[in-house]
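Here the structure comes first, spelled out in structure tokens, and everything after it is commentary.
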Amino acid sequence: MYTFYDGTAWSEPELVVNDPYEQQIAIDHYDRVHIIDREKLETGYKLVHYQKINDLWQGYI
């Protein structure tokens, strides 16, 4: 789940991944949020980098 505080109110929670496991979050110097998640795939565990682009969370291996 991801939510943020804009100085007045909290945003609605957003589900980023269905099965969160060992997630890390970072905010870069452009205030972009990056979430790194360890996900179990058919070929084993992989690190997936999530970033919100055009109001959609997109994950990249």
Farthest positive-ward along the chain dipole, Cα basis, beta-carbon charges - from Ile25, Tyr45, Thr3: Tyr45
Calculate the dipole size of the chain relative to its Cα centre from +1 charges on Lys and Arg beta carbons and -1 charges on Asp and Glu beta carbons; express the result in debye to the nearest 20. 200
Which values, in whole Å and largest first, are the semi-axes of the equivalent ellipsoid of the chain obtained as the square root of 5 times each eigenvalue of the Cα gyration tensor? 23, 12, 10
Please compute the modelled spin-label separation between Asn54 and Thr8, points set 7 Å along Cα→Cβ, answer in nm with one decimal. 2.8
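Readers should treat all values here as calculations from the given coordinates under stated rules, not as data from a laboratory. Since this is a predicted model, take the numbers as computed values, not measurements. Positions of Cβ are generated from backbone atoms using ideal geometry, with glycine treated the same way; all protein chains shown enter the neighbour counts.
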